[in-house]
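One structure is given below, encoded as structure tokens.
Each value in this text was obtained by applying a stated rule to the coordinates, not by laboratory testing. As the structure is a computational prediction, the values presented were derived from the model and not from experiment. Heads up, the Cβs are rebuilt from the backbone with ideal geometry, glycines too, and the neighbour counts pull from every protein chain shown.
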């Protein structure tokens, strides 16, 4: 199965590259694409934030801001 193709259908390339790098890989290293594909959207969101310097629970804070401002609960998209 082509996990990279499935991953590319789910997320933009920039997001995939952030998560790969967060996992300690080169941004073009597809060796963990199956594992990344199995991650929840919340895990991907957390990894993207962490790779970009938002460490220590910012995922919850930013999700709360989005819910407060836009009325959108991102955790509802997990279901």
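Assorted remarks:
- Label point at residue 1 placed 7 Å out along Cα→Cβ; residues across segment 15-40 whose backbone nitrogen lies under 13 Å: 33-39
- Acute angle (nearest 10 degrees) that the helix 41-51 long axis makes with the longest principal axis of the chain, alpha-carbon atoms: 80
- Each Cα pair under 8 Å and six or more residues apart adds its sequence gap; the mean of these over the residue count of the chain is a relative contact order of 24 percent.
- Choice from 36, 62, 16 showing the highest fluctuation, given a GNM over the chain with Cα pairs closer than 10 Å: 62
- Each stretch of four or more DSSP H residues adds -39500 (n - 2.57); spread over every residue of the chain, this sum gives -17000 deg cm²/dmol at 222 nm.
- Segment 3-44 - percent relative contact order, Cα under 8 Å, separation 6 or more: 41
- Distance (nanometres) between label positions extended 7 Å along Cα→Cβ at residue 29 and residue 74: 2.6
- Stretched out straight at 0.36 nm per residue, the stretch from residue 60 to residue 13 would grow longer than its current Cα-Cα span by 14.5 nm.
- Shape class for segment 24-79, computed from the alpha carbon gyration tensor (a ≥ b ≥ c): oblate, with a/c not under 1.5 and a/b at or below b/c.
- Candidates 59, 26, 47: whichever shows maximal mean-square fluctuation once the chain is modelled as a Gaussian network with Cα springs under 10 Å: 26
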